[in-house]
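Down below is the structure, laid out as structure tokens.
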Amino acid sequence: MVRAILQDGGAYILLCAHSYTAGLIRERETAIKGAIKNAGLSIRDEQIVFHDAGQIAEWVNIHPSVAIWVLENTGFKDAQALRTWEWWNGCPSHQVKWIADPRLAGVQEKLLPVISVTGGVARVIGPSGVGKSRLILKALENVNTSAFSKDLVLYADGGEDANAIKRAIQNLADSGTRSVIVVDRCDVHMHGDLANLVKRKNSHLSLITIDDQPPFDDRDGVIVVRPLEKQNTTVIDSILKEVAPGLDSEDYRRLAQFLSLIHISEPTRRTPISYAVFCL
């Protein structure tokens, strides 16, 4: 297996639970390279890496999503105020097939200046049920720049333990850790508190908060996600085929017509699609 990976251009990385000096780390890398070359394999030096405990600890401190990922996969996720991008992406509400959304490019363009710098803050607002959270999820997934990776993203639900979320973000800000924090269901008062933490002198955080609190108007630092235009039926048709494939033609026509007219403004967390299918 090692031979196949190295021949295919991959890397052999050894993680060690002991700490060593830089000289001893180089000695061990040299020994591994020698053993592999003696076995008849031609490799590049950068294909062999040896990390000791100190290097691993430094890496985890720089990338807190690594530590949270470990906790999520070892049964401690319920004790965490912040989650990884993978956990956020795996939520049941995001399991319906993604349909191309004409709003995505505009939202992504407005987010880029925020997530590319430390201290950047954005507030995403819009009526309940218009798909804000998943739109932000997809916008962050498709960003590909030297200043941002989705591995930097940490997610929190502001409707859970708000104090635990604030403490976690304060610790990250005080430690100078680089991360992009996304807080869903974050009211305007909590947004203000978190923005102050993120903008602290030594902070290397960026912040995106999401909520359905009106007014839904464009202000500095605010990204408004509006319902799809009534004439845009492509997304509605695609989602209906995904979540309700067994509808007869008449039910399908009536439901599509209803969804093209609906404008969710009441404080509900149901999406228009699921709400309409449930009523049908």
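The values are calculated or read from the model by the stated rules, or taken from the named source; none is laboratory data. The structure displayed is predicted, hence computed values, not measured ones. So basically every Cβ, Gly included, is an ideal-geometry build from the backbone, and we count neighbours across all protein chains shown. Note: accessible area is taken over every heavy atom of the protein model, side chains too, but ligands, DNA and RNA are not part of it. Shrake-Rupley method; radii C 1.70, N 1.55, O 1.52, S 1.80 Å.
Annotations for the structure displayed:
- Counting only protein heavy atoms and using a 1.4 Å probe, the accessible area of Lys110 comes to about 100 Å².
- Per-residue surface analysis assigns Ser42 an accessible area of about 120 Å², computed on protein heavy atoms at 1.4 Å probe radius.
- Between Ala17, Gln7, Gly54, the Cα set farthest toward the positive side of the dipole of the range 2-117 (charges on each charged residue's Cβ, about the Cα centre) is that of Gln7.
- Here the contact order of the range 87-142, divided by its residue count and restricted to Cα pairs under 8 Å and six or more residues apart, works out to 41 percent.
- Cut-off 14 Å between beta-carbons: net charge of the residues surrounding Gln55, Lys and Arg +1, Asp and Glu -1: -1
- Full-stretch length increase - Ser149, Lys97 - with 0.36 nm per residue and alpha-carbon distance subtracted: 16.4 nm
- Estimated FRET transfer efficiency (Leu104, Ala195; beta-carbon r; R0 25 Å; 0.05): 0.50
- Accessible-area value, Tyr12, 1.4 Å probe, nucleic acids and ligands omitted, Å²: 80
- Between Val66 and Arg178, full extension at 0.36 nm per residue minus the direct alpha carbon distance yields a gain of 39.1 nm.
- Rounded to the nearest 0.05, the FRET efficiency derived from the C-beta distance between Glu27 and Ala164 at R0 = 45 Å is 0.50.
- Accessible-area order (highest first, 1.4 angstrom probe) of the listed residues Cys186, Cys16: Cys16, Cys186
- A P(r) calculated from all alpha carbon pairs of the range 1-51, with 5 Å bins opening at zero, reads 4, 20, 32, 22, 12, 8, 0 percent.
- Nearest-20 debye value, the range 174-228 charge dipole, Cβ charges on Lys, Arg, Asp, Glu: 320
- Check: the range 1-110 dipole with +1 on Lys, Arg Cβ and -1 on Asp, Glu Cβ, in debye: 200
- Modelled label positions at Asn171 and Arg226, each set 7 Å beyond Cα in the direction of Cβ, lie 4.2 nm from each other.
- When Rg and Dmax are taken over the Cα atoms of the range 101-196, they come to 13.3, 39 Å.
- Which listed pairs, of Lys37/Lys150; Lys37/Lys138; Lys132/Lys201, have C-alpha distances above 32 Å, in listed order: Lys37/Lys150; Lys37/Lys138
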